[in-house]
Every structure is written in structure tokens, then in C-alpha cells.
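Before any comments, here is the structure.
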Amino acid sequence: MHSRPLLGQTLTELTAWVTAQGQPAYRAKQLHQWLYQRGVRHFQDITVFPKSWREQAQLELGRSHIAQRWIARDGTVKYLLQLHDGNLIETVGIPSADRLTVCVSSQVGCPMACDFCATGKQGFTRNLAVHEILDQVLTVQTDMARRVSHLVFMGMGEPLLNLDALVTAIHRLHQDCGISQRAMTISTVGVPQQIARLAQAQLQTTLAVSLHAPTQELRQRLIPSGRHYPLEQLLADCRDYVARTKRRVSFEYTLLRGVNDTPELAHQLAKLLRGFQSHVNLIPYNPIADADYQRPTMEQVQAFQRILAGEHIAVTVRQTRGLSAQAACGQLRSLVGTIAK
Ligand code: SAH
């Protein structure tokens, strides 16, 4: 795209653009409404605009193309989206009785290479731009014909490696799309210095940190990037984040059978988090190709949970959604044809 896409611009910026086009300023309000509320995909489709302008302006708004869509048995919808340069990303819409959550990607691929994550196996291509982040939310909202209420930045990529675009997108999603920041969760595996930078952005979002192990030795085996970010430092940065933002941090812990789900490790995890205003979210492993891990039984998951709860750690088990469409946590990978329909 040569010029800056219209999607991602504020009303003030749109007004400047509209008037530079020789159009009256009130058209900016209409454009804003069509972009952020109606989720229009093509400039030509903004039917309140004069036909001559629509035809001559041949503009790209900054929207993706839905290359493919899978609907899981539980109603979760996974989208394969094609970007303007041909790159593919995945986005997931997760409906429930009282909310529609979008699982948003922040990068094409991911450089973190976690051993149990399909995106990590694919390698890294590039960061997403602000409009490419917004587009995912608008795509789900219009396609599922329902207002998006919640966002989790848990799709492809490591959000804190694309922090500037992420923060700008969050402001647009809040101010222009009307989604509450408190209904947004940013999930990170941890990137040195970036948690402190996120704190500076003064958002009302929730921070979730992918922990997955209570010891440095085990953690860096599962998460190679953890080698450069010792567990103690990561936890110190989380404590700092809580102190500075007055927001809670939650810890994600993907349970891999026989690897990190033993009672002994549950006790070690409880000890590690003692006194920390936090919450642990256990994620039973979702199977992926090219990895030998196994999902623990429900009894094993509950046993792990009971130990934490017994040690006064707030703990929940993440409900698995989208499994039948390979749309569950860690299963996103943008290779067409590899996913059974
Ligand atoms: N890059 C971000 C978001 C990842 S997805 C992060 O690492 O935090 C959200 C969660 O799903 C992370 O905690 C991630 O480690 C976990 N996850 C990855 N692969 C998984 C799998 N196959 N089964 C279950 N959880 C997985």
C-alpha cells in the first residue's frame, strides 16, 4: 500500500484527508462511521458518498480478504485472512451467550519458537500494521453479525515485539470501535524491557504472562526465548507492572502431560507465586503437528488445580474452544491446506 490506509486514522486525521480531497468536512464523520461501525471493505461501497468520488478515488481502505473460514462444532469460527502483500494470518471469533471474543494476531508467524505452539514452528515473517490488527476485529464483527465485546491478543505472534502498533490499535479499538480496554487481554511470553514499556502506556487492559514452568531450567526447555529472560527477572518485572499500573497480572500455564503437570511442580509453582496478586489460568495442551506432547486427562488437570487452590492461589482452567477447527490456543498456523476441514 503506497499511502497510509484510512483504517487506523482518527476522526481528526480523516477530516484532514477528506477536506484535502475537496469534500465537505461532514463526510469525515460518515467515513469514520462506515470504517469503524459498519466495517466497510471497499471505498466504492460507501454509498452515502457521491458516485463520482467513489469511482475516481480507487482507494484501499486497508482491509484484508477472507481466504478461508472454518466453523468448529462449538460455534467458534477461524478465519484465514490474506493481507495486501499476500501474507496470511489467522483470527478466531469465539462466541458465548453473553460475549463475542476475538483472538487477535499481532505478527505474521512468530519468532519465539515455543516448542508446543504451531505458530512458533512456522517462523517469523513480519509485524502487523495497526490497520491489520483492527481489520481482524472488524472482520469477525461483520461476518458473525454481532458486536465484538472482548479481545484477547493471543493469536499468532508475540504482541510485545510489536508494541507500538499494538498500543495504537488498542486506542483505536477503544475510542473508535467502542470496545472497553478492560475487556482486552494482552498475552506475552515475556520480552526484556517490554513489560515496563507497556506499563508506561497506561492502558486498562489485562496482562497475561505465559509461564508454563516454575523453574528456569524447565521453562527454557519449553520456551527457548526464556533463556535470555530469567524467570526471576520476568517475575520482578511483573511485580513492578502491578505496582505501577494497579492492574493484576495473570499467568498462563499450558499443561503438558508428564512434562510440567506433576504435583511436585504444582507445589513449586504455588511457592513461586506466593504473595503475588495474581491469577493462574491452566490451559490443557491442544495437540499440534510436529510436537510429541500430550494433553493431560481432566483428572490430572483438576489435581494440579486443587494443589494450587489449596495453597491459596487463584486458579481457573481455560475452557477449550474451537478444537474441531484447529482454532484452539497454540493451533494457529497460516498454511492453507494443512488444516482438515
Ligand atoms: N504469544 C503470546 C500469545 C500466545 S497464545 C504468548 O506466548 O503469550 C496464548 C497461550 O496459548 C500462550 O500461553 C501459549 O503459550 C499457549 N499455547 C501455545 N500453544 C499451545 C498449545 N498447543 N496448547 C495449549 N496452549 C498453547
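The values are calculated or read from the model by the stated rules, or taken from the named source; none is laboratory data. Note that the structure is a prediction, hence the values are computed from the model and not measured. Glycine also receives a Cβ, built like all others from the backbone with ideal geometry; neighbour counts cover every protein chain displayed. These accessible areas exclude ligands, DNA and RNA; they are computed on the full protein's heavy atoms, side chains included. Shrake-Rupley method; radii C 1.70, N 1.55, O 1.52, S 1.80 Å.
Can you pull out the residues in segment 247-259 that are closer than 13 Å to residue 198 by Cα and surrounded by fewer than 20 Cβ atoms within 10 Å (Cβ to Cβ)? Correct list: 247 only. Only one of the listed residues (209, 191) is in a loop (DSSP other than H, G, I, E, B), hydrophobic (A, V, I, L, M, F, W, C) and within 12 Å of the ligand (Cβ to nearest atom). That residue is 191.
A quick yes/no check of all residues on (1) away from the ligand (no atom under 16 Å from the Cβ); (2) out of contact with any Asp or Glu (no Cβ under 9 Å at 6 or more places or on another chain); (3) open to solvent by 10 Å² or more (accessible area, probe 1.4 Å); (4) farther than 22 Å from residue 36 by Cβ:
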| residue | (1), (2), (3), (4) |
| --- | --- |
| 84 | yes, no, yes, no |
| 98 | yes, yes, yes, yes |
| 109 | no, yes, no, yes |
| 113 | no, yes, yes, yes |
| 137 | yes, yes, no, no |
| 146 | yes, yes, yes, no |
| 159 | no, yes, no, no |
| 174 | yes, yes, yes, no |
| 178 | yes, yes, yes, no |
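Does residue 303 meet the test of being away from the ligand (no atom under 16 Å from the Cβ), touching a residue at least 12 places away in the same chain (Cβ under 8 Å) and within 15 Å of residue 211 (Cα to Cα)?
Values: away from the ligand (no atom under 16 Å from the Cβ): yes; touching a residue at least 12 places away in the same chain (Cβ under 8 Å): yes; within 15 Å of residue 211 (Cα to Cα): no.
No: the conditions fail for residue 303.
Looking at 168, 125, just one residue is open to solvent by 30 Å² or more (accessible area, probe 1.4 Å), in contact with a Gly (Cβ under 7 Å, 6 or more places away or on another chain) and farther than 19 Å from residue 326 by Cβ, and that residue is 125. Looking only at residues of segment 269-286 that are away from the ligand (no atom under 16 Å from the Cβ) and open to solvent by 10 Å² or more (accessible area, probe 1.4 Å), we find that the one that is nearest to residue 247 (Cα to Cα) is 277. Given the residues 216, 200, which is the only one that is within 29 Å of residue 308 (Cα to Cα) and either more than 13 Å from the ligand (Cβ to nearest atom) or of a type in the set (A, V, I, L, M) (or both)? That would be 216, the only listed residue that is within 29 Å of residue 308 (Cα to Cα) and either more than 13 Å from the ligand (Cβ to nearest atom) or of a type in the set (A, V, I, L, M) (or both).
Here's the yes/no breakdown for (1) in a loop (DSSP other than H, G, I, E, B); (2) in contact with a helix residue (DSSP H, G or I) (Cβ under 6 Å, 6 or more places away or on another chain); (3) open to solvent by 70 Å² or more (accessible area, probe 1.4 Å):
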{"residue": "23", "(1), (2), (3)": "yes, no, no"}
{"residue": "32", "(1), (2), (3)": "no, yes, no"}
{"residue": "39", "(1), (2), (3)": "yes, yes, no"}
{"residue": "53", "(1), (2), (3)": "no, no, no"}
{"residue": "68", "(1), (2), (3)": "no, no, no"}
